[in-house]
1. Note down the magnitude of the dipole of segment 16-84 about its Cα centre, charges +1 on Lys and Arg C-beta and -1 on Asp and Glu C-beta and zero elsewhere, to the nearest 20 debye.
2. So, with +1 on the Cβ of K and R and -1 on the Cβ of D and E, and no other charges, what is the size of the charge dipole of segment 6-139 about its Cα centre, to the nearest 20 debye?
3. Excluding Thr51 itself, what net charge comes from residues whose Cβ is under 15 Å from its Cβ, given Lys and Arg +1 and Asp and Glu -1?
4. Residue by residue through segment 67-82, what is 3J(HN,Hα) from phi via Karplus (6.51 cos²θ - 1.76 cosθ + 1.60, θ = phi - 60°)? Round to whole Hz and write x for glycine and proline.
5. Given Cα pairs under 8 Å that are at least 6 residues apart, what percent is the relative contact order of the chain?
6. Pop out the ³J(HN,Hα) list for segment 121-137 in order, Karplus 6.51 cos²θ - 1.76 cosθ + 1.60 with θ = phi - 60°, rounded to Hz; leave Gly and Pro as x.
7. Tell me the net charge near Leu133. Cut-off is 14 Å between Cβ atoms, Leu133 excluded, with +1 for each Lys or Arg and -1 for each Asp or Glu.
8. Check Gln50: other-chain or 5+ apart residues with amide H under 5 Å from its amide H, H built from backbone geometry?
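Nothing in this text is a laboratory measurement; each read-out follows from the coordinates by a stated rule. Remember, predicted model here, so these are calculated numbers, not experimental data. FYI the Cβ positions are ideal-geometry reconstructions off the backbone, even for glycines, and counts take in every protein chain you see.
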Amino acid sequence: MSNTSIIDLLSIVRDRLHSEMVRELSARGYSSLAPSHTMLLMRLQGQDGQTMMALADQIGRDKSTVTALVKKLLALSLVRTEKDAQDQRVTRVFLTDAGRSLRTDLDAATHKLTSQIFQGFNWEDRKSLSHLLERILENL
């Protein structure tokens, strides 16, 4: 193993992934979106109408950060919010038609980046890496 610590490697990988995703989004005409925005949009593509807290849990951010991300997506008319019918303190987030229309481009950008990072990896390598990263996340 090199002198680079695992924490340094994880930080470098995170920074490069972020830069590559920003580049991919810009190339597709979405320079106003950050990778954090795309994470929220992808989660809503899977299940629309989620609460802010559920989204925060899924993307590993605190509620105040998700609130700021959602405000930006609201300004871009990609999402809309509604108060929960049973609990008015809870806000649910829904994709607009414009937000739903991004799915193909977001899927393509994600697929391209995933293909790039796993080039030369076999299926077992990918499963092992995923498992190890999940364990690291659980430990934090």
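1. On the way: 10 positive and 7 negative charges, 42 e Å.
Once rounded to the nearest 20, the dipole reads 200 debye.
2. The calculation lands at about 340 debye.
3. In short, +1.
4. 4, 5, 5, 5, 4, 5, 5, 5, 4, 8, 6, 9, 9, 9, 10, 9
5. 21 percent
6. 9, 8, 4, 5, 4, 5, 4, 5, 4, 4, 4, 5, 5, 4, 5, 4, 4
7. Neighbour charge sum, excluding Leu133 itself: +1.
8. It is Val93, by chain and number.
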